[in-house]
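Before any comments, here is the structure.
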Amino acid sequence: TINQILFIPSGKRLVVNNGVHLRFMNGGGIICESSVEMNGEKDSPIVISSSSENQGFTVMRTDSTSVLEYVKFSGMKNLSWNGWNLTGGINFYEADVKLINCTISGGETEDALNIIRSYFEMESSAITQANSDGFDSDFSTGTITNSVISHTGNDGLDFSGSIVSVESTEITDIGDKAVSCGEGSVITLNDLTIENMEIGVAAKDLSEVTAEDVSMQNGTYGYVAFTKKTEYGGAIINVSDASYKNVETKFDIELGSTLIKDNSVIDGDGYSGVTKY
């Protein structure tokens, strides 16, 4: 049981072995300035859970890559400590990380997972039952493979200023955008299933999205491209081998943005019907 802020300074290494259950209570949480090694196993995972009014899990400014394998996070809260507030229940800031066979559920924060200015790999993992966004990548580079994002109150994947490849991943039951790409992001989507969403893929503000073999089902919009922040500009979406079922508007491309559909260039015309928030 951790009932206060556990601070681990630089020059150390946090190691958690399989079968360990860390419970954050009474304002407890972890702030770590060293890399993290969490060695869970399929039949003996590491569990990190939180009750109300706690401080979540934050790793920042590390010299080496953190590796988390078979870790189950539950109910993480955002850090609010000594006037310092973060949006994520789990945060990696300038801290490279690999997440393998991890689960993040019940995040009561703006972002269940927030990775900032870092390199990341997320493989065979799941983010589910998030109060708002599932995964927020800010100015980061990485890959997401063989994973599941589901039941989020807002966006499933939210990219800002990031270069990310998403492959063989399911994104389902999303409150707003399954994939949101902004602020000059370069995003590659391959072999995705997107179901039950408001918007499948949104590209905005000089972002470039390449989508191949993406299936969408049950939504208002498939692909949208627009300018949200005037200091940036439009966006480009390149789509091939797309499939749709019960999607009301497959494409909504605003003036200043471009759609490339199966090698045919279609320039935007007029203003997007999407609410920009």
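Going by the conditions given, is THR172 closer than 19 Å to PHE57 by Cα, among the polar types (S, T, N, Q) and touching a His at 6+ places or on another chain (Cβ under 9 Å)?
no
Selection within region 93-120: residues that are β-branched (Val, Ile, Thr), farther than 18 Å from ILE163 by Cβ and modelled with pLDDT of 95 or more. The member of this set that is farthest from the chain's Cα centre (by Cα) is ILE100.
Report yes if GLU167 is modelled with pLDDT under 95 and open to solvent by 40 Å² or more (accessible area, probe 1.4 Å), otherwise no. In short, no. Just one of (1) in a strand (DSSP E or B); (2) of a type in the set (A, V, I, L, M); (3) open to solvent by 50 Å² or more (accessible area, probe 1.4 Å) fails for LEU206. It is (1).
The strands (runs of 3 or more DSSP E) found wholly in region 53-171 and carrying at least 2 residues that are hydroxyl-bearing (Ser, Thr, Tyr) occupy 103-105, 141-145, 148-152. Every residue in region 1-38 that is open to solvent by 80 Å² or more (accessible area, probe 1.4 Å) and either among the acidic types (Asp, Glu) or within 25 Å of the chain's Cα centre (by Cα) (or both), please. Passing the criteria: only ARG23.
Where strands (runs of 3 or more DSSP E) fall wholly inside region 209-267, the ranges with 2 or more residues that are among the charged types (D, E, K, R) and under 16 Å from ASP176 (Cα atoms) are 243-253. VAL47 meets each of the listed conditions (1) in a loop (DSSP other than H, G, I, E, B); (2) open to solvent by 20 Å² or more (accessible area, probe 1.4 Å) apart from (1).
Sort out which residues of region 50-70 are open to solvent by 30 Å² or more (accessible area, probe 1.4 Å) and not aromatic (Phe, Trp, Tyr), and write them in order of number.
Result: SER51, SER52, GLU53, ARG61, ASP63, SER64, THR65, VAL67, GLU69.
The residues of region 138-159 that are open to solvent by 20 Å² or more (accessible area, probe 1.4 Å) and within 16 Å of GLY182 (Cβ to Cβ), listed by number, are ASP138, PHE139, THR141, ASN154, ASP158.
Considering (1) more than 23 Å from ILE100 (Cβ to Cβ); (2) without any contact (Cβ under 8 Å) to a residue 60 or more places away in the chain, the lone condition that TRP81 does not fulfil carries the number (2). For region 248-258, enumerate the residues that are more than 13 Å from ALA202 (Cβ to Cβ) and open to solvent by less than 90 Å² (accessible area, probe 1.4 Å). Across region 248-258, the qualifying residues are GLY256, THR258.
The values are calculated or read from the model by the stated rules, or taken from the named source; none is laboratory data. Please read all numbers here as calculations on a predicted model, not as lab measurements. In this analysis, Cβ positions are derived from the backbone assuming ideal geometry, glycine residues included, and neighbour counts consider all displayed protein chains. Heads up: the accessible areas ignore ligands, DNA and RNA and are worked out on the full protein's heavy atoms, side chains in. Shrake-Rupley method; radii C 1.70, N 1.55, O 1.52, S 1.80 Å.
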